[in-house]
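Structure record follows, encoded as structure tokens.
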Amino acid sequence: MVSEVTKYLSETIGERRAGTEADKKATEYIARKMKEIGLEVEIQKFKFLGWEMTRRPMLELVEPQQKELPSGVFMFSESTPEGGITGKLEYIGIMPFIPKLFEWPKYAVVDDAGNHLGYIIGHIDGPAINFTLMEIGKTYGCAPYIMTDQETHEYFQEKLAAGEEIRVRIDTAGKLVPGLETQNVIGTLRGSALPDEEIIVCAHHDSTYESHGANDNASGVDAVLRVAKNLIEKGGTKKTVKFITFAAEEYLFFGSYYYVKTLKEKDPSSIARIKNVVNLDMVGVGEYLWVWVAPDSFRHQVDEALKESIKDEFDIQWNPELLPASDHWPFFEQGIPSVMLIFWPHEQYHLSTDMITEIDDDKIEKTAKAATAIAERLAGVN
């Protein structure tokens, strides 16, 4: 049986894109749950530059045959003219959205003069998902972008390798939306002996376009709240533990970046008070528990905590480095030892089918158990 938290966020509220009314409802709900647990709660509001789809993406094969192909939206994509753009397909190379994790093939739609009119990204691991453009495509190199699936990418590769010409039409439209407002939710458990030293246990509460976000990331929020409850029931901690659910992670970690940067502006020494970060992202679906941790000296503490809490419960695989893929990253950039717990793979990743029916509550519970053990080692219990 899936807990109330994951169910409420993903089904009662549903899609929780940052800056929407559903996003606000999610933060109000999380704040209420934190207060019920016994945490001191703060809402950190901020505005950001958002993006809104105004015309659904469409990819059509024109030659050597005519048919519609799968397509997904890219947040921050430029728009095509109404009716789309048509041109010859050329393979460009690999676009590293997240190096060593998401490195996807890139195709250009080219006119008769050789100009690039727009781009198609092939998702080499499955369906055409919705995603966010990184620096190239969003802040420079701007152009219309759409996503397609693995099967279409393989078809493109086969035809191009055979020397055949492919012509396609793409159509997509969206607009920048300045001044969207969202909020981070911060729950504090004050340390009894070392209150000025902080451990952060976090997850993001927003979801991506057209997704219920049950696994990504209602499951992580659920686990964070369980860790908070566990530590309070154990009598509290010696160091302060902050339980934070960040906004706008799907917009490339806007919420966690805002938290870190404004903290440094207020008091540059405040970052030094944060000793470790434990990030929980997508912990309700997957074949194995994937542990990302750095630096290597921190791995020993994490390893010992996992051994004492969930030994032999799951297949655990280690990633010996952290990647810029979730809310641990703004902290790690400041030199703070960090770990992310994630179950992988997730076949419904960034899809409308990321729903409550896919969730394994035992994975959320065991992740919370592991994260509690990590936090205990880091913060000490009374």
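Looking only at residues that are out of contact with any helix residue (DSSP H, G or I) (no Cβ under 7 Å at 6 or more places or on another chain) and farther than 20 Å from Thr353 by Cα in the stretch 21-33, which one is surrounded by the most Cβ atoms within 10 Å (Cβ to Cβ)?
Ranking the qualifying residues of the stretch 21-33, first place goes to Thr27.
Applying the selection to the stretch 142-167, what residues are without any contact (Cβ under 8 Å) to a residue 24 or more places away in the chain and either more than 34 Å from the chain's Cα centre (by Cα) or not assigned by TED's automatic domain parsing to the domain that holds Glu63 (or both)?
Selection gives Ala161, Ala162, Gly163.
Kindly indicate whether Ala373 is among the aliphatic types (A, V, I, L, M), in contact (Cβ under 8 Å) with a residue 24 or more places away in the chain, surrounded by fewer than 23 Cβ atoms within 10 Å (Cβ to Cβ) and in contact with an Asp or Glu (Cβ under 9 Å, 6 or more places away or on another chain).
The answer is yes for Ala373.
What are the pairs with Cβ atoms under 9 angstrom where one residue, in the stretch 226-248, is within 22 Å of Leu263 (Cβ to Cβ) and the other, located anywhere, is part of a strand (DSSP E or B) and among the aromatic types (Phe, Trp, Tyr)? Sequence gap at least six, or different chains.
Val227/Phe243; Ala228/Phe243; Ala247/Phe46; Ala247/Phe48; Ala248/Phe46; Ala248/Phe48
Given Lys7, Lys45, which one is touching a residue at least 60 places away in the same chain (Cβ under 8 Å), surrounded by fewer than 19 Cβ atoms within 10 Å (Cβ to Cβ) and assigned to a helix (DSSP H, G or I)?
Lys7
Looking at the stretch 128-135, is at least one residue at pLDDT 95 or above and surrounded by fewer than 18 Cβ atoms within 10 Å (Cβ to Cβ)?
Taking every residue of the stretch 128-135 in turn, none turns out to be at pLDDT 95 or above and surrounded by fewer than 18 Cβ atoms within 10 Å (Cβ to Cβ).
List the pairs whose first member sits in the stretch 22-37 and is part of a helix (DSSP H, G or I), whose second member is at pLDDT below 95, and whose Cβ atoms are under 9 Å apart, counting only residues at least 6 apart or on separate chains?
Pairs that qualify, where the first residue is part of a helix (DSSP H, G or I) and the partner is at pLDDT below 95, are Lys33/Glu4.
Is it fair to say His350 is crowded, with 22+ Cβ neighbours inside 10 Å, farther than 30 Å from Ser192 by Cβ and not aliphatic (A, V, I, L, M)?
Yes.
Looking at Ile124, Ile199, which is the one that is touching a strand residue (DSSP E or B) at 6+ places or on another chain (Cβ under 9 Å) and either buried (at least 21 other Cβ atoms within 10 Å of the Cβ) or within 27 Å of Glu36 (Cβ to Cβ) (or both)?
That would be Ile199, the only listed residue that is touching a strand residue (DSSP E or B) at 6+ places or on another chain (Cβ under 9 Å) and either buried (at least 21 other Cβ atoms within 10 Å of the Cβ) or within 27 Å of Glu36 (Cβ to Cβ) (or both).
What strands (runs of 3 or more DSSP E) lie completely within the stretch 268-382 and have 3 or more residues being over 30 Å from Ile129 (Cβ atoms)?
Answer list for the stretch 268-382: 274-280.
Considering only the stretch 337-382, state which residues are in contact with a strand residue (DSSP E or B) (Cβ under 9 Å, 6 or more places away or on another chain) and basic (Lys, Arg).
Selection gives Lys363, Lys366.
Which one is farthest from the chain's Cα centre (by Cα) among residues in the stretch 80-96 that are more than 19 Å from Gly174 (Cβ to Cβ) and β-branched (Val, Ile, Thr)?
Going through the qualifying residues, I end up with Thr86.
What residue, among those in the stretch 308-336 that are of a type in the set (S, T, N, Q) and either at pLDDT below 95 or more than 22 Å from the chain's Cα centre (by Cα) (or both), is surrounded by the fewest Cβ atoms within 10 Å (Cβ to Cβ)?
The selected residue is Asn319.
Report, by residue number, each residue of the stretch 116-161 that is hydrophobic (A, V, I, L, M, F, W, C), in a strand (DSSP E or B) and farther than 22 Å from Gly213 by Cα.
The answer is Leu117, Ile120, Ile121.
Residue-by-condition table, conditions (1) farther than 22 Å from Tyr251 by Cβ; (2) of a type outside the set (A, V, I, L, M, F, W, C):
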site	(1), (2)
Ile129	no, no
Glu151	yes, yes
Ile166	yes, no
Gln183	no, yes
Gly187	yes, yes
Arg190	yes, yes
Leu194	yes, no
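Would you confirm whether or not the stretch 99-106 contains a residue that is assigned to a strand (DSSP E or B) and aliphatic (A, V, I, L, M)?
Looking through the stretch 99-106, none of the residues is assigned to a strand (DSSP E or B) and aliphatic (A, V, I, L, M).
The values are calculated or read from the model by the stated rules, or taken from the named source; none is laboratory data. Computed from a prediction, not measured in an experiment: that's the story for all the values here. Backbone-built Cβ (ideal geometry, glycine too); neighbour counts: all protein chains shown.
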